[in-house]
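Reviewing the structure listed below.
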Amino acid sequence: MAELNQIIGALRLMAETIEKNKEHLTELDGAIGDGDHGINMSRGFAFVKETLDKGGFQNAGDLFKKCGMALVAHVGGASGPLYGTAFLRAAMVLKDREDVHAADYVQILKDAAEGIKMRGKSDRGEKTMLDALIPAYEAAADAVQQGKSAQEILNAAKVAAAEGAVGTEKLVAQKGRASYLGERSIGHQDPGAASAALVLAAVADYFAAEK
Amino acid sequence: MAELNQIIGALRLMAETIEKNKEHLTELDGAIGDGDHGINMSRGFAFVKETLDKGGFQNAGDLFKKCGMALVAHVGGASGPLYGTAFLRAAMVLKDREDVHAADYVQILKDAAEGIKMRGKSDRGEKTMLDALIPAYEAAADAVQQGKSAQEILNAAKVAAAEGAVGTEKLVAQKGRASYLGERSIGHQDPGAASAALVLAAVADYFAAEK
Amino acid sequence: MKKLINKPENALDEMLEGMTKAYPTYLRRLDQTDVLVRQDLSADKVGVVSGGGSGHEPAHCGYIGKGMLDAAVAGAIFTSPTPDQIYEAIKAVDRGKGVLLVIKNYSGDVMNFDMAKEMAEMEGIQVASVVVNDDVAVENSTFTAGRRGIAGTVLVHKIAGAAAERGWDLDKVKETAEKVIANERSMGMALSPCTVPAAGKPNFSLAEDEIEIGIGIHGEPGTHREKLVSADAITQELFDRILADYPLKSGDEVAVMVNGLASTPLMELYIINKKVHELLEGLGVTVHQTFVGEYMTALEMAGMSITILKLDSDLKMLLDDTADTPALKVIGTK
Amino acid sequence: MKKLINKPENALDEMLEGMTKAYPTYLRRLDQTDVLVRQDLSADKVGVVSGGGSGHEPAHCGYIGKGMLDAAVAGAIFTSPTPDQIYEAIKAVDRGKGVLLVIKNYSGDVMNFDMAKEMAEMEGIQVASVVVNDDVAVENSTFTAGRRGIAGTVLVHKIAGAAAERGWDLDKVKETAEKVIANERSMGMALSPCTVPAAGKPNFSLAEDEIEIGIGIHGEPGTHREKLVSADAITQELFDRILADYPLKSGDEVAVMVNGLASTPLMELYIINKKVHELLEGLGVTVHQTFVGEYMTALEMAGMSITILKLDSDLKMLLDDTADTPALKVIGTK
Ligand SMILES: Nc1ncnc2c1ncn2[C@@H]1O[C@H](COP(=O)(O)OP(=O)(O)O)[C@@H](O)[C@H]1O
Ligand SMILES: Nc1ncnc2c1ncn2[C@@H]1O[C@H](COP(=O)(O)OP(=O)(O)O)[C@@H](O)[C@H]1O
Ligand SMILES: [Mg+2]
Ligand SMILES: [Mg+2]
Ligand SMILES: [Mg+2]
Ligand SMILES: [Mg+2]
């Protein structure tokens, strides 16, 4: 069970992780996109951090809603509405809730993926962030089924997302700018999948460190 | 004494010399001008050659007039009107004349320089073609005074023009594009002086080879 | 890459200030936003709003004015603007007749504009949108994101803007914009890459004798590379690709746009235009109007695109209507 | 340097063909010449003719049309046109009211135009000429060739063209042009050199962190080099030089032109324009009209120039008059 201040801590680590990987994400995007994914994410998460600093959250839902609005209003590009949508879906799962459970985490991953699919008119296998997020959801759901611990669930999501991100290398992009490259997109990792894996890794790592 | 076909021969060598030195002249102009003097002169002298090929000259004056018109109409830039004026002045000296004498050559150099001064509102010492042409005129006039041979007169003009051209290196440009550089023009040879020296060298060399 | 800027993070803001100062009779900036709005907003017409990432100047803010856009939203460089900004633009220009959004087909633009549209609709504003996808370099397919929108977008601004200026209703303005989109095709190429100021280095490189064919307007890689050949040969290649996708026949009338990506001199664009006209003449196609210049650029990239728009009598009329904007002026009778 | 051309020796001819095809309602080419002439030559006005070397597009042929030029003569790249061509232009536009020649101050241009003027005068055509020398980078002195003419030339075209269009006589049109020349100053800088196609290589080089101040529009070296600094600092430097030569005081009204040399993106020109306006505001000077764009380029050079023209009521009126040309349009009341 995670409390509000822990969730805030995890979101802080997320922002730091993105900032640390800004150049890496931008380089990935340079190869098959327009070379700004790291810049976009870093700009957006700087505002998430500002939101966290301001504080005054009524509950976990309110926290995610405010962070989601920050992402929607400051990332821009394709990733802005998508990450924004993901956070706003999380906010709906956590509406009026003070604490968060492992089952909520699985629900958040599920609803976030659904939100992205709808907003992006996209699906798994099209070389996007969904190729990190959907496997992460499935692995987490599996772990819950198997009665794993909360930390194991978070770790399962982290590992699956990372594998999913690496797996995008062999895919042909069908959505986002990389799709203009067609076959030439093969051999490059999708920047959005890479950032999604980083985001989920930050969550697992935060709680692992808390122990 | 030179006959019409010899003058034509000398003008052909002039055109060849310019063509051969096209890049060199352009490079000189690149340093302190706009890097086109060789291109301009080569374009103009190609039309002089065409004029010579067409033939049908009534006399030496007619020959120079037609070549002068070709230069005016095809060189452009600063050198076009100046070389054109020089040739048209020569045409006036040789009006209705079948052959040309050493004294005519001196008169042509004098009138050409006068014509250029008037058209260019320029004078000796300003780092232009006049700094090759005026010394050439003076040396040729001197040689005439001293009763030198025709070939010696042509050679005197050639040598003085070449020295004058080299001498422009130490001058500050006051006319033409190089004047915008002020003191920074020092150390570079004036492209127009260089081409004037080549033109006069071609005349001397042609008659020397004829012997 | 040397740039005449101050700090990369201020470039967008300073650019918008520079535009506002240059064209105070045409446009003003909405407070606290990156939205520029037309000064003399007419009370009685459909609003036309566009926007996108910056770095394509004069697009889109340069097209604000009579007969074209009522507002434009400027995103960060090469990054779609966010929904909140677009929403402000919609609110600012709506006069109760509804607002048309002209969107270039990039996932980011489409999603951000869609979200803004939803926000405006929740406020009871009637919003329609069209998505420009003129770039034939990109394979079109219902399974993918589809074609990009490039320079042809400016012709949509021109014609939809004229339709709105004539007082046509939202449905008809939208329909007209869609006709332009259906009738136009573009394709581009690049001689050199460009550098996003915040990134600090170009995102691809080309050898001294290489060009990239099928490039977009964001320094994205194109479809393939080849050796630099003559202007005529390159023009022929792009033209053939355009016509393979949208055949023209003798008697057709078109508008032509030869658009410079930024560093390519106008002289070279005119040389390309000569060849485009010759190719069209060869087919018996008449050119009603030609645009040669920098309409939709890609930072400092060298290269160009060719756009061909097939016209009918309505489109001709609207193309010839007066446009009075900083970047595109047509002196028409209406 | 990669160029989108066919053969260097055909570039000028193909460019003129490309312009003629792009703007058939504005201009036509005089047979066997490199002269473009306005289509709707008015029967009853002073003719205005300009020209110069090519490589400065849209100057000068792009300014042919109502309220600006009646003809323009295009020389080889960076090379003054020849007298015979200029003479043809004069003959083509003279309607018995005389012709004004607008010449940029380069030895070559001055001499070739002078020769053409003499040829036309021998035919009984009344010809006046003005020589534009707005570039303060060059020391002015009666002993030297004097200052160069650069982007400010376009404002002479605009205002002299409007005066002619209003039916003013040759003396008054010339006087007006001279007033513009007396009241305007410019200064430029470059970030990169340019390559004359026939020469095949750039005629100077700049390090990755160097800029050249006081550059002209022909790739000529400028007055000095310095390290690349911020856009604001560069703008301040050029502005100070202009004002040192032509002081302005509170209450003065001016027109501003921020001219791109070719490869500098419009975004950067807007950023510079912001600073120019701030500097003028700081002095209490009002900007009546601003021009930001590529008006007088230098092949593919990166860089820009700033021009400031002090206005009086006549100049304001003429600046605001309608101009309808391919490259500069003003929608005025006259
Ligand atoms: N339709 C879509 N559905 C899901 N993800 C998408 C879609 N379009 C783009 N993305 C994701 O967004 C990432 C690119 O984000 P970013 O570079 O910030 O935006 P932009 O492409 O606008 O520059 C891609 O790597 C991809 O993962
Ligand atoms: N006013 C002048 N009087 C005499 N010679 C001049 C004058 N102006 C220029 N020149 C000569 O012309 C040469 C440059 O010619 P060119 O490069 O062909 O023309 P442009 O300077 O127009 O490019 C200079 O080197 C100089 O010798
Ligand atoms: Mg991107
Ligand atoms: Mg020269
Ligand atoms: Mg982007
Ligand atoms: Mg020259």
(request) Could you list the GluC sites (Glu not before Pro) in segment D:85-194 that lie in coil according to DSSP, counting only those with at most 15 other Cβ atoms within 10 Å of their Cβ? (result) D:GLU123, D:GLU139
(request) Work from the charge dipole of segment D:183-331 (Cβ charges, +1 for Lys and Arg, -1 for Asp and Glu, about the Cα centre) and give the residue of D:GLY222, D:PRO202, D:LEU280 farthest towards its positive end. (result) D:PRO202
(message) What distance in nm separates the two pseudo spin-label positions at C:THR25 and D:SER230, each 7 Å out from Cα along the beta-carbon direction?
(response) 3.3
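Leaving out ligands, DNA and RNA, what percent of the accessible area of segment C:13-182 is carbon and sulfur, probe 1.4 Å? Before the final figure, lay out the partial values.
Numbers: 2220 of 4940 Å².
Of all accessible area on segment C:13-182, carbon and sulfur atoms account for 45 percent.
When the convex hull of the C-alpha atoms of chain B is computed, what volume per residue in Å³ does it have? Spell out each step's value before the answer.
Numbers: hull volume 20.2 nm³, N = 211.
Once divided by residue count, the hull of chain B is 96 Å³.
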(message) In square angstrom and rounded to 100, what buried accessible area do you get between chains C and D, total over both, with the probe at 1.4 Å?
(response) 4900
(request) In vacuum, with every alpha carbon of the protein assembly as shown counted as one equal point scatterer, what does the Debye formula give for log10 I(q)/I(0) at q = 0.07 Å⁻¹? Two decimals, please. (result) -0.67
(message) Restricting to DSSP loop positions (anything but H, G, I, E, B) with no more than 13 other Cβ atoms inside 10 Å of their own Cβ, which trypsin sites (Lys or Arg not before Pro) remain in segment A:132-172?
(response) none
(request) Mind grabbing the base-10 log of I(q)/I(0) for segment C:1-78 at q = 0.17 Å⁻¹? Debye formula, identical points on the C-alpha positions, no solvent, two decimal places. (result) -0.62
(message) Along the Cα→Cβ direction, 7 angstrom out, place labels at D:GLU208 and D:ILE331. What is the inter-label distance in nm?
(response) 4.7
(request) Using only the Cα atoms, work out Rg/Rh for segment D:183-331, with Rh taken as the Kirkwood radius, to two decimals. (result) 0.99
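Using the beta-carbon distance between C:GLU237 and B:ALA73 and R0 = 30 Å, what value does 1/(1 + (r/R0)^6) give for FRET efficiency, to the nearest 0.05? Before the final figure, lay out the partial values.
Details: r = 38 Å, r/R0 = 1.28.
So, using R0 = 30 Å, E works out to roughly 0.20.
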(request) Between the label point of A:HIS101 and that of the same position in each other copy, find the distances and list them shortest first in nm, with every label point placed 7 Å from Cα along the Cα-to-C-beta direction. (result) 12.5
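May I ask you to derive the FRET efficiency for D:GLN32 and D:LYS316 from their Cβ-Cβ distance with R0 = 45 Å, giving the value to the nearest 0.05? Walk me through the numbers before you get to the answer.
On the way: r = 41 Å, r/R0 = 0.92.
Result of the calculation: an efficiency of 0.65.
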(request) Over the residues of segment C:13-182, compute the C-alpha Rg and express it relative to 2.2 N^0.38 Å. (result) 0.94
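Could you work out the helix-only [θ] at 222 nm for chain D, with each DSSP H run of four or more residues adding -39,500 (n - 2.57) and the total divided by the number of residues, to the nearest 500 deg cm²/dmol?
Details: 8 runs with 108 residues, N = 334.
So the helix-based figure for chain D works out to -10500 deg cm²/dmol.
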(request) Enumerate by residue number the GluC sites (Glu not before Pro) in segment A:57-147 meeting two conditions: DSSP loop (anything except H, G, I, E, B), and at most 16 other Cβ atoms within 10 Å of the site's Cβ. (result) A:GLU98
(message) Show me, for segment D:257-274, the HN-Hα J-couplings you get by feeding each phi into the Karplus relation (A = 6.51, B = -1.76, C = 1.60, θ = phi - 60°), rounded to Hz, glycine and proline as x.
(response) 10, 10, 9, x, 6, 2, 8, 7, x, 3, 3, 5, 5, 5, 4, 5, 4, 4
(request) Along Cα→Cβ, 7 Å out, is where each label goes; now give me the distance between the ones at C:ASN10 and A:GLU169 in nm to one decimal. (result) 4.3
(message) Suppose you put the label 7 Å out from Cα in the Cβ direction; list, shortest first and in nm with one decimal, how far D:ILE331 is from each other copy's label.
(response) 1.2
(message) Restricting to Cα pairs below 8 Å that are 6+ residues apart, what does the relative contact order work out to for segment B:1-130? Please round to a whole percent.
(response) 22
(request) Once the label point is placed 7 Å from Cα along Cβ, list for D:GLY251 the distances to the corresponding points in the other copies, in nm, shortest first. (result) 6.9
(request) Report the calculated FRET efficiency for D:LEU41 and C:HIS288 (r = Cβ-Cβ distance, R0 = 25 Å), to the nearest 0.05. (result) 0.60
(request) At a Cα cut-off below 24 Å, give the lysines reachable from D:LYS249, other chains included and same-chain residues fewer than 8 away excluded. (result) C:LYS21, D:LYS179, D:LYS274, D:LYS275, D:LYS310, D:LYS316
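The values are calculated or read from the model by the stated rules, or taken from the named source; none is laboratory data. Predicted model only: the values in this text are computed from it and were never measured. All Cβ positions, glycine included, derive from the backbone under ideal geometry; neighbour counts span all protein chains shown. Note: accessible area is taken over every heavy atom of the protein model, side chains too, but ligands, DNA and RNA are not part of it. Shrake-Rupley method; radii C 1.70, N 1.55, O 1.52, S 1.80 Å.
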